[in-house]
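Working notes, structure below.
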Amino acid sequence: MTAFTQNDTLSGWRPQQRQAGVQLYLTGANGDSGALAGARACGLPLELSLVPITDWIDPEELSNAAIGVVQVDAETPASVKRFQKLAASTDTPLIAAAYEPPLALVRSLLRAGAHDVLPLPLDLADLETSIRVLLEQQSAETQQIATPSSQTRSRVISVVKTVGGVGATSIATQLAVRFAEREANAGRDTCLIDLDMQFGDAAFQLGLKPNLSVSDLLEAGGRLDGALVRATASKHSSGLNVIASPAEMMPLEGISSDQILQIVDTAAREFGTVFLEVPTNWTNWSLSLLARSDLILLVADLTIPSLHRARRQLELMASQGLQDLEVRIVANRFEKSQLKTIRQSDVRDALGRDIAYTVANEPGVMRVAADRGITIAEVKRRSAIGKDLDTLDSAIAAFMGLER
């Protein structure tokens with residue numbers, strides 16, 4: 001059974017002979033069908049189909065819809081696979097819906113392509129909030145297509161440290177600067193967001209003195225948009241936009257995943273490529289950030305304790321259903337002499353995988369750059385660190401499919 005209004009007309013979303021609606025695929029339990037049939041959300045008609053939880057949904061049915069909402073059951077793996085296959089088979093934005101969805105399921109669905117995961121029974125206000133974000137994103141993408149210097153799609157790169165003091169912030173800042181310079185030459189923007197709410201100093205390491213920070217974006221709530229994100233960012237001479245960590249320490253548990261993801265998604269739409277400095281301590285929202293990331297750089301020292309900590313972090317991701325993330329290990333402060341005591345087989349035994357990249361140990365370059373708030377190129381025009389960061393930059397660009 002499908003309920004819809006045939007005489008509706010569309011303005012501004014997806015032109016067709018009749019207004020594209022929001023297609024709901026629900027089991028109809030707990031009165032969902034009675035509450036939603038014939039209703040509208042953000043001006044779009046809700047079209048309800050009552051479908052068993054594992055029955056296949058034809059992607060062609062979604063081709064004329066503005067948005068699809070598909071019910072998923074955490075206790076029924078087949079329903080999750082159905083959603084994953086459907087997301088891979090349609091260009092129509094999908095929202096998942098489930099009763100009391102566990103965190104691991106939410107992350108899995110987001111990785112599969114869900115734009116949001118809503119609790120059941122569906123609340124019309126929650127549904128409208130989710131749809132409004134999608135409509136705004138669609139509008140922003142349409143404007144970008146019409147702009148010659150627009151980004152083709154957003155990309156999120158998270159930099160994760162195995163332990164504090166491993167040099168991840170220095171790698172994140174210096175890599176982002178080099179990346180931004182090359183992206184600027186191609187007419188694209190880059191942003192670095194320092195989400196280490198308690199000990200972040202990315203802005204300091206780049207010689208910036210921002211007036212605004214992540215905390216201002218958190219306080220913005222419903223006022224958050226691309227213009228505010230851009231206004232909050234400090235501009236580095238390289239072209240990199242930097243959103244600083246809060247000036248005062250913030251309790252990590254007081255921040256919600258929704259708040260952080262909204263900031264990151266808005267920044268990604270505004271700038272195109274976003275680097276994230278992730279805090280050392282794991283939280284629900286930092287795990288959600290990893291699920292949102294296209295690429296994760298896990299920074300470690302080439303020591304057995306550091307490699308074992310990296311292994312534990314990889315195992316934590318796997319335990320939360322994030323084993324399919326693109327994670328690449330970066331060995332910082334690397335010296336060839338270390339290979340005499342730590343063999344490649346030792347690394348593989350400790351990590352369960354090989355190291356992807358190394359960054360040379362040149363404290364006279366990296367430490368001076370961080371202390372003075374300048375780039376390593378200003379300390380030494382040609383350096384082993386610079387060469388390694390160029391290699392890492394090229395690898396990221398190739399992985400992201402960026403033409404320069």
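The values are calculated or read from the model by the stated rules, or taken from the named source; none is laboratory data. Note that the structure is a prediction, hence the values are computed from the model and not measured. Every residue, glycine as well, gets a Cβ built from its backbone with ideal geometry; the counts of neighbours run over all protein chains shown.
Before moving on, here are some points about what is shown:
- Flag if residue 371 is surrounded by fewer than 19 Cβ atoms within 10 Å (Cβ to Cβ), of a type in the set (Asp, Glu) and closer than 24 Å to residue 201 by Cα: yes
- Segment 324-347 residues that are not assigned by TED's automatic domain parsing to the domain that holds residue 393, paired with ones that are β-branched (Val, Ile, Thr) and surrounded by 10 or more Cβ atoms within 10 Å (Cβ to Cβ) (beta carbon under 6 Å, 6 or more apart): none
- The helices (runs of 4 or more DSSP H) located wholly in segment 40-149 that include 1 or more residues which are in contact with an Asp or Glu (Cβ under 7 Å, 6 or more places away or on another chain) and surrounded by 16 or more Cβ atoms within 10 Å (Cβ to Cβ) occupy 77-89, 103-112, 124-145.
- Top-ranked residue in segment 297-349 [being among the basic types (Lys, Arg) and not in a helix (DSSP H, G or I); ranked as farthest from residue 109 (Cα to Cα)]: 343
- Taken together, the criteria exclude residue 353 from residues that are more than 28 Å from the chain's Cα centre (by Cα), at negative phi and surrounded by fewer than 16 Cβ atoms within 10 Å (Cβ to Cβ).
- Just one of the listed residues (208, 290) is in contact (Cβ under 8 Å) with a residue 24 or more places away in the chain, within 15 Å of residue 159 (Cβ to Cβ) and out of contact with any helix residue (DSSP H, G or I) (no Cβ under 6 Å at 6 or more places or on another chain), namely 290.
- One residue stands out among those in segment 327-350 that are surrounded by fewer than 14 Cβ atoms within 10 Å (Cβ to Cβ) and of a type in the set (S, T, N, Q): the one that is nearest to residue 170 (Cα to Cα), which is 337.
- In the set (1) outside any helix (DSSP H, G or I); (2) under 22 Å from residue 379 (Cα atoms); (3) not β-branched (Val, Ile, Thr), residue 200 fails one condition alone, (2).
- Note on segment 374-387: among residues that are touching a strand residue (DSSP E or B) at 6+ places or on another chain (Cβ under 8 Å) and free of Cβ contacts under 8 Å to residues at least 40 places away in the same chain, the one that is surrounded by the most Cβ atoms within 10 Å (Cβ to Cβ) is 383.
- Residue, nearest to residue 274 (Cα to Cα), within segment 159-176, restricted to residues that are assigned to a helix (DSSP H, G or I) and among the polar types (S, T, N, Q): 173
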